[in-house]
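Student: The structure is given below, and queries will be raised subsequently.
The values are calculated or read from the model by the stated rules, or taken from the named source; none is laboratory data. Values in this document were obtained by computation on a predicted structure and should not be read as measured data. Cβ placement follows ideal geometry from the backbone for every residue including glycine, while neighbour counts extend to all protein chains displayed. Only protein heavy atoms, including side chains, enter the accessible area calculation; ligands, DNA and RNA are left aside. Shrake-Rupley method; radii C 1.70, N 1.55, O 1.52, S 1.80 Å.
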Amino acid sequence: MKSVLHLISGGDVGGAKTHLYALMQGLQGRVQTKVICFIKDTFYRQGKELGLDIEVVEQRNRFDIGVMKEVSKKAREMHADILHCHGARANFNALFYKGDQVRVTTIHSDYLLDFKDNFIKDKIFTPLNSYALKKFDYYIAVTENFKNMLIDRGFPKDRIFVIYNGIDMYSQEDKVDPKSFYQRYGLEENGKFTFGIVARLDANKDQKTLVDAFYKSGLKGKARVLIAGDGPEGHRLKERVRDYGLEGDIFFLGGIQDPYSLYQAVDVNVLCSLSESFPYALLEGAKEKKAAIASRIGGIPEMIRPGQDGYLFDPGDDEALKDILVHCYENRDQVKEMGQSFHQRVEEKFSVTSMAKVHEEIYAEILRRGK
Ligand SMILES: CC(=O)N[C@H]1[C@@H](OP(=O)(O)OP(=O)(O)OC[C@H]2O[C@@H](n3ccc(=O)[nH]c3=O)[C@H](O)[C@@H]2O)O[C@H](CO)[C@@H](O)[C@@H]1O
Ligand SMILES: O=P([O-])([O-])O[C@@H]1[C@@H](O)[C@H](O)[C@@H](O)[C@H](O)[C@@H]1O
């Protein structure tokens, strides 16, 4: 069996984390895997709870690259064939890795946007990551779209593979019933049409467009919006909702640990991002049979057939989104049916099993080709 060592920051709370957990589970019995992270936090603890082979090689700070000696030792111990990195910190650390394994990195997001919400980090870590990326032997782009992005930026075409995120549609998720979920936030399960969104509150996820669209929709008092997630845009978004007088209609839940409770409790799942590859937030909604309203960006048009599984709008177009919100409110039954259809599509096309199988094939191919 092939042996692959995965490196990831460990500070991850979003899609890269969801992806790696799903992948580790999908690869069981196919590929021997170990995950090493550099920060001891939720990523590590939850990974342990899931029973993954995961270890922390703790860094005092991002430039504490001495720890890579320990990583090399662990790679030798497990007879790793491949070093597989995820995200900026892991990519940078790989520069100081001494082992001779083939190196591959997965591009989950547009790496030029990863630190856009933090001026200093953006000025330092974005160029370092861009440099580190060039040193890999192979790339796994999440969606065809990101492969094209990499080619446009000068990465070698024949060294880029494409993966679509997959999800386990049958595993049991942590969730509470809708009544308890609403109660947790002092709300009632009152039959009001409810839009939900699960995403970090950062500029790229662009919840502002949803707030503006809801304001323009005239649905105040008739429908409501639940916004889950935490982040730098929180303050500005809350101010906007206050200015619009929508505090009784749009609710900020903060970062949530059990997103499936939200997907289950809402009528439709929204995502308004300016950039995405293949967002888990929508696949997870599909698992709960929720149709999606999403921006026409990255791999999303390959995931959602508009009019069948949900609705698409151009990023930032609050007028178009407003019309979709009103349409959903007026066509509740149709929205429910779309949720069924989306569920079926994800089950058939974007399973964790196929994601793992494609990884196994890619590993075999890069070992065959070598560095
Ligand atoms: C902007 C961008 O390019 N994003 C990519 C990034 O994920 P990114 O983190 O941006 O977005 P995703 O929707 O994929 O993942 C978010 C994850 O965080 C979880 N969550 C979020 C908020 C919250 O309060 N609680 C919570 O648990 C969601 O349930 C989900 O599992 O890498 C993913 C993995 O390849 C890609 O699919 C995404 O397209
Ligand atoms: O800054 P940090 O938390 O150590 O690490 C970051 C991860 O948390 C994030 O998921 C990823 O997108 C970034 O590229 C970076 O690796």
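Student: Report ³J(HN,Hα) in whole Hz for each residue of segment 40-51, in order, from the Karplus equation J = 6.51 cos²θ - 1.76 cosθ + 1.60 where θ = phi - 60°; Gly and Pro get x.
Tutor: Result, rounded to whole Hz: 8, 8, 3, 4, 5, 4, 5, x, 4, 4, 6, x.
Student: Sort segment 178-349 into rounded, prolate or oblate with this rule: let a ≥ b ≥ c be the square roots of the eigenvalues of the Cα gyration tensor; rounded if a/c is under 1.5, and if a/c is not under 1.5, prolate when a/b is larger than b/c, oblate otherwise.
Tutor: On the way: a/c = 1.35, a/b = 1.22, b/c = 1.11.
Rounded, because the longest to shortest axis ratio a/c is under 1.5.
Student: Can you give the accessible area of His79, probe radius 1.4 Å, in Å² rounded to 10?
Tutor: Counting only protein heavy atoms, the figure is 140 Å².
Student: Sorted by accessible area (1.4 Å probe), largest first, how do Tyr97, Tyr164 line up?
Tutor: Ranking Tyr97, Tyr164 by accessible area, largest first, yields Tyr164, Tyr97.
Student: For the chain, what % of the accessible area comes from carbon and sulfur atoms, probe 1.4 Å?
Tutor: On the way: 7600 of 16180 Å².
Reported share for carbon and sulfur atoms: 47 percent.
Student: On a 0 to 90° scale, report how tilted helix 119-134 is relative to the longest principal axis of the chain, with both axes built from alpha carbons and the result rounded to the nearest 10.
Tutor: Its long axis makes an angle of about 50 degrees.
Student: Give me the number: length gained by fully extending Ile124 to Lys336, i.e. 0.36 nm times residue separation minus the C-alpha to C-alpha distance, one decimal in nm.
Tutor: On the way: separation 212, 0.36 × 212 = 76.32 nm, distance 4.60 nm.
Taking 0.36 nm per residue and subtracting the Cα distance, the gain is 71.7 nm.
Student: For segment 76-103 and segment 231-248, what is the centre-to-centre distance using only Cα atoms, to the nearest Å?
Tutor: 42 Å
Student: Which residues' amide hydrogens lie under 5 Å from the amide hydrogen of Gly87, considering only partners 5 or more residues apart or on another chain, with H built in the peptide plane?
Tutor: Under 5 Å from the amide H of Gly87 lie the amide H atoms of Thr106, His108, each far enough along the sequence or on another chain.
Student: Okay, next question. Long-range amide H contacts for Val270: which residues qualify at under 5 Å (H placed 1.01 Å from N, peptide plane, sequence gap of 5 or more or a different chain)?
Tutor: Here Gly196, Ile197, Val198, Ile293 satisfy the definition.
Student: Specify whether the C-alpha gyration tensor of the chain places it in the rounded, prolate or oblate class, a ≥ b ≥ c being the square roots of the eigenvalues: rounded for a/c under 1.5, otherwise prolate if a/b is larger than b/c and oblate if not. Write out the running numbers ahead of the final one.
Tutor: Values: a/c = 1.88, a/b = 1.74, b/c = 1.08.
Prolate shape, in that a/c is at least 1.5 and a/b is the bigger ratio.
Student: In whole Hz, what ³J(HN,Hα) sequence does segment 189-197 give by Karplus (6.51, -1.76, 1.60; θ = phi - 60°), x for Gly and Pro?
Tutor: Couplings: 8, 10, x, 5, 4, 10, 9, x, 9 Hz.
Student: Roughly how far apart, in whole Å, are the Cα centres of segment 1-19 and segment 155-204?
Tutor: The two parts, judged by their Cα centres, are 19 Å apart.
Student: Shape call for segment 68-166 from the C-alpha gyration tensor, a ≥ b ≥ c root eigenvalues: rounded (a/c under 1.5), prolate (a/b greater than b/c) or oblate?
Tutor: It is oblate, given that a/c is not under 1.5 and a/b is not larger than b/c.
Student: Quick one: how many Å² of Lys216 are accessible to a 1.4 Å probe, rounded to 10?
Tutor: 90 Å²
Student: Just how large is the dipole of segment 185-233 about the Cα centre, in debye to the nearest 20, putting +1 at every Lys and Arg Cβ and -1 at every Asp and Glu Cβ?
Tutor: 260 debye
Student: With +1 on the Cβ of every Lys and Arg and -1 on the Cβ of every Asp and Glu, and nothing else charged, how large is the dipole of the chain about its Cα centre, in debye rounded to the nearest 20?
Tutor: Dipole about the Cα centre, nearest 20: 1120 debye.
Student: Dipole size in debye (nearest 20) for segment 178-349 around its Cα centre, Lys and Arg Cβ +1, Asp and Glu Cβ -1? Don't jump to the answer; show the numbers that get you there.
Tutor: Working: 24 positive and 28 negative charges, 64 e Å.
Dipole size: approximately 300 debye.
Student: Can you send over the solvent-accessible area of Leu133, 1.4 Å probe, protein chains only, in Å² to the nearest 10?
Tutor: Rounded to the nearest 10, the figure is 0 Å².
Student: Another question about this same structure. Per residue, how much accessible surface does segment 178-349 expose to a 1.4 Å probe? Answer in Å², no decimals.
Tutor: 40 Å²
Student: In addition: Using the Karplus equation 6.51 cos²θ - 1.76 cosθ + 1.60 (θ = phi - 60°), what ³J(HN,Hα) coupling, rounded to whole Hz, does each residue of segment 95-111 give in order, writing x for Gly and Pro?
Tutor: 4, 9, 7, 9, x, 9, 5, 5, 10, 9, 10, 9, 9, 7, 9, 6, 5
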